[in-house]
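Encoded as structure tokens, the structure appears first; notes follow it.
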Amino acid sequence: MSYQLDKKDLEILQELQRDSRRTNKELAQAVNLSTTPTFERVKRLEREGYIKKYTAVLDADKLNRGFIAFCYLKLKQHTYENAIRIMQAVQQVPEIAECYNISGDHDFLLKIYARDMKDYQKFVLRILGDLDCIGSLNSSFVLGETKNDHSLPL
């Protein structure tokens, strides 16, 4: 059974989005609660799936993965099996950071991190080229990043 989120729950989620490394005591102070109720709320939010995981946001440029491409895929045929093949394949490829099944002119949108254009070309030929269920693909390349906020609006 899903619990109805109240204002304090939303404040806790907002604070954790800002900095999930803070201690329970720091979090409790930020949302004006004592530590025990804050801890219990966080555990409930985790248990009920509002908090999926905790992660670090890395600097792609410093890790030589700053070339970002968005790749639009179109299936050869719109079959369940082809869609499943794509969805399963992307799970195995670390260069693919995000994958969305989309509506419109294309079927899937991938966000791919590479070292440079040559590395991306190898990726397309080596990984996507082996998927015979892909009818076509179009790529767009990030020229500059204006906003990259991993937070949800609450």
Checklist line | From phi via Karplus (6.51, -1.76, 1.60), per-residue ³J(HN,Hα) for the stretch 95-112 in Hz, x at Gly/Pro | finding: 5, 8, 7, 9, 9, 10, 7, 10, 9, x, 6, 10, 9, 9, 10, 10, 9, 10
Item checked: Top positive-direction residue, dipole computed over the chain with Cβ charges, set Tyr50, Pro37, Leu143 -> Pro37
Checklist line | Label selected from (1) 23, 19, 16; (2) 35, 17, 10; (3) 38, 20, 12, the criterion being semi-axes √(5λ) of the Cα gyration tensor in Å as computed here | finding: (3)
Item checked: Centre separation in Å (Cα based) which lies between the stretch 1-70 and the stretch 90-122 -> 27
Item checked: Residues in the stretch 107-132 that a label on Asp61 would reach, taking backbone N under 20 Å of a point 7 Å out along Cα→Cβ -> 112-120
Check: Tell me, what is the percent relative contact order of the stretch 1-99, built from C-alpha pairs under 8 Å that lie six or more residues apart?
Finding: 17
Notebook entry, point to check: Given 10 Å bins starting at zero, what is the percent of C-alpha pairs of the stretch 90-143 in each, up to the one with the largest pair distance?
Noted result: 20, 62, 19
Item checked: Dipole magnitude of the chain about its Cα centre (Cβ charges: Lys, Arg +1; Asp, Glu -1), debye to nearest 20 -> 300
Checklist line | 222 nm mean residue ellipticity, helices alone, for the chain (DSSP H n ≥ 4; -39,500 (n - 2.57); rounded to 500) | finding: -11000 deg cm²/dmol
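Every number in this text was worked out from the coordinates using simple rules, so none of it is lab data. Given the structure is predicted, the values throughout are model-derived calculations rather than measurements. Quick reminder, even Gly has a Cβ in these numbers, built from the backbone with ideal geometry, and neighbours come from all protein chains shown.
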